[in-house]
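Asks: I am attaching a structure below and will ask some questions about it afterwards.
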Amino acid sequence: LLDFDLLGGRQFRFRHALVREVLVQGVPGVERGRLHVRVAEALEHLGVQPIASTLAHHWSRAPGSVARQRAAAWSLRAAREAVAALGFEAAAEHYALALTAPDVDRIAVSIEYGEVLQLAGNPGSARTVLVAAASDAEATGRPRDLARAALALGGGLAGFEVPIQDDDQVELLRRADNELTAEDVALRAALRGRLSLALAGLGAAGDAVGVGR
């Protein structure tokens with residue numbers, strides 16, 4: 001073991017991860033779960049800012065519904081931290097875990113997840129997630145989330161990635177535009193700009209989209 005000082009107390013870590021893995025696997029499953037709870041609770045009460053991914057790791061391996069909720073909460077935080085650090089693949093894994101919580105805002109988090117999947121180079125999965133999020137948003141009367149999901153298919157508010165003849169994206173953009181209220185000026189402008197790009201050269205002049213209504 002190597003020892004070092006943290007917050008004035010002696011802390012220890014293994015010289016090699018393989019040693020730790022062998023010892024951890026030798027602990028019975030129930031006891032291992034209890035240890036994960038103890039570690040997670042200790043980290044949460046350290047008085048310093050622990051790494052969210054570490055807490056997500058321990059809570060995800062602890063038993064019980066409370067542990068699952070905490071794992072999801074820390075996973076969501078870890079996902080956003082990973083995005084800020086441009087760690088998109090790690091962020092995607094954290095978002096997937098966050099979505100397992102029963103009380104998570106599945107629509108909003110799914111949109112974030114879909115955006116990250118695109119950035120991680122997985123456009124097929126991103127499309128599946130975003131289309132499902134758009135459908136759920138429309139079904140539950142959340143026009144702004146419908147608009148964000150539709151825009152996310154093309155890279156979000158700042159993106160202009162519209163594949164030629166992408167009928168699904170065009171249809172989502174149209175439906176989102178119809179659902180938005182007059183107060184959503186900026187979001188509507190982004191939608192109509194993206195829709196105009198998607199329709200450029202593909203339809204008649206009557207398909208042009210104006211910014212005003």
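The values are calculated or read from the model by the stated rules, or taken from the named source; none is laboratory data. All values derive from a computational prediction rather than experimental measurement. As a convention, Cβ positions derive from the backbone with ideal geometry for all residues, glycine included, and neighbour counts pool all protein chains shown. Accessible surface is based on the protein model in full, side chains and every heavy atom, while ligands, DNA and RNA are left aside. Shrake-Rupley method; radii C 1.70, N 1.55, O 1.52, S 1.80 Å.
Asks: How far, in nm, would the chain grow between residue 125 and residue 144 when pulled straight, counting 0.36 nm per residue and subtracting the alpha carbon separation?
Replies: Details: separation 19, 0.36 × 19 = 6.84 nm, distance 2.20 nm.
Here the segment from residue 125 to residue 144 would lengthen by 4.6 nm.
Asks: Moving on to the next point. Which of the peptides 132-139, 34-41 is most tightly packed, and how do the rest follow, going by the mean number of other Cβ atoms within 10 Å of each residue?
Replies: Details: 132-139: 19.5, 34-41: 16.8.
Put in order of decreasing packing, that is 132-139, 34-41.
Asks: Order 59, 74, most accessible first, counting only protein heavy atoms with a 1.4 angstrom probe.
Replies: On the way: 59 10, 74 40 Å².
In descending accessible area the options line up as 74, 59.
Asks: Here's a follow-up. Any chance you could run the full-extension gain for residue 69 through residue 103? It's 0.36 nm times the residue separation minus the Cα-Cα distance, nm to one decimal.
Replies: Values: separation 34, 0.36 × 34 = 12.24 nm, distance 0.80 nm.
Contour length minus Cα-Cα distance gives 11.4 nm.
Asks: A further question on this structure: So if I place +1 on the C-beta of Lys and Arg and -1 on the C-beta of Asp and Glu, and nothing else carries charge, what would the dipole magnitude of region 30-69 be about its Cα centre? I want it in debye, nearest 20.
Replies: Values: 5 positive and 3 negative charges, 31 e Å.
Dipole size: approximately 140 debye.
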